[in-house]
Amino acid sequence: MTNTSTSHILEKTGNGASVNAGNGLALEVSGLSHSYGHHKALDNLSFSIKLREFVILLGLNGAGKSTLFSLITRLFNAQQGEIRIFGQDLRRNPGAALRLLGPVFQARTLDLDLSVVQNLYYHAALHGIGRHEARLRAEPLLRRVQLQDRAHDKARNLSGGQMRRVEIARALLHRPRLLLLDEPTVGLDIEARGNILRHVHDLAADHDTSVLWATHLIDEAAESDSVIILHRGKIVAHGVAGDLVKTAGARDLREAFATFTHEPKQPAHRTADDDV
């Protein structure tokens, strides 16, 4: 984990919040653990995301991805460990930290009875953004996700992929510096998945946005993407996808993932008859 620099360089974001870019990190997670009763969902996680970095959080269902997102977005309070967002301690300065986030959760969260643009305006109002400014921000975002022609259609009339693109546009409306996406392509067809992945990659490249993209779909990670493999609440590998494949001596990331998450079989339970 990179230590926070004592020389703070403050930038102003589009929502008026200041960010600490002095150490070049958008997100720092240190010693993070969380349990549900006796079940340990996360076990001493430590990692960081750099400015403008696109990171794939890869893990099977039940690996702890959604728990991690719930802690970063403060739906849950961390039981152990620290989370810093652009230098802002989430526990000590939650308001300042959360203003820098743009989360897109796995479950659909649009109001289906509102139009696309009304969903965006409602989100803007929650962030204290007036209607005029919201309109100025919404129009280019809808063009960006290629939905400007559906702005006045009710959300319920959109396809699953279009709804997800609206949610991404909505998450960007208050101009966050860190975009979090939890299984954003679940239930979408191959073409829609590819389109959304390209959109978010472009956003990271063109808008100085850092991205944490959680998925169980291995083929969503490109060879040049930074990948964190999460398994049973622990990080078992972290690095550029192509490098992880080489480290594992694998043919591709799917095979490398199987290698990193492999659990040796426990020896069979011996009985008295085994020694006869």
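The values are calculated or read from the model by the stated rules, or taken from the named source; none is laboratory data. Everything quoted here is computed from the prediction, not taken from an experiment. With ideal geometry, Cβ positions are generated from the backbone for all residues, glycine too; neighbour counts draw on all protein chains shown.
Can you name every residue in region 191-248 that is hydroxyl-bearing (Ser, Thr, Tyr) and under 14 Å from Phe260 (Cβ atoms)?
Taking region 191-248 and keeping what is hydroxyl-bearing (Ser, Thr, Tyr), we get 209-210, 215, 224, 226, 247.
Across region 191-248, the qualifying residue is only Thr247.
Here is a check on your reading of the model: is Thr215 more than 19 Å from Leu253 (Cα to Cα) and either surrounded by fewer than 18 Cβ atoms within 10 Å (Cβ to Cβ) or not acidic (Asp, Glu) (or both)?
Answer is no for this residue.
Given the conditions (1) under 19 Å from the mean Cα position of the chain (by Cα); (2) under 24 Å from Ala26 (Cα atoms), report the number of the one that Thr109 does not fulfil.
If we test Thr109 against (1) under 19 Å from the mean Cα position of the chain (by Cα); (2) under 24 Å from Ala26 (Cα atoms), just (2) comes out false.
Scan (1) under 30 Å from Asp149 (Cβ atoms); (2) surrounded by fewer than 21 Cβ atoms within 10 Å (Cβ to Cβ) for the single condition Leu101 breaks and write down its number.
For Leu101, the failing item is (2).
Do you know which residues across region 171-218 are more than 15 Å from the chain's Cα centre (by Cα), closer than 26 Å to Gly64 by Cβ and basic (Lys, Arg)?
The answer is Arg193, and nothing else.
Only one of (1) surrounded by fewer than 21 Cβ atoms within 10 Å (Cβ to Cβ); (2) at pLDDT below 90; (3) not basic (Lys, Arg) fails for Thr185. Which number is that?
(1)
Could you grab me the full set of residues in region 74-105 that are at pLDDT 95 or above and β-branched (Val, Ile, Thr)?
Those that are at pLDDT 95 or above and β-branched (Val, Ile, Thr): Ile83, Ile85.
So which of Leu141, Leu136, Leu126 ends up being closer than 14 Å to Leu172 by Cα, loosely packed, with under 13 Cβ neighbours inside 10 Å and within 22 Å of the chain's Cα centre (by Cα)? Working first, answer last.
Details: Leu141 fails: loosely packed, with under 13 Cβ neighbours inside 10 Å; Leu136 fails: within 22 Å of the chain's Cα centre (by Cα).
Checking each option against the conditions leaves just Leu126.
Residues to consider are Leu172, Leu197, Leu142; find the one that is without any contact (Cβ under 8 Å) to a residue 24 or more places away in the chain and within 30 Å of Ala124 (Cβ to Cβ).
Exactly one of Leu172, Leu197, Leu142 is without any contact (Cβ under 8 Å) to a residue 24 or more places away in the chain and within 30 Å of Ala124 (Cβ to Cβ), namely Leu197.
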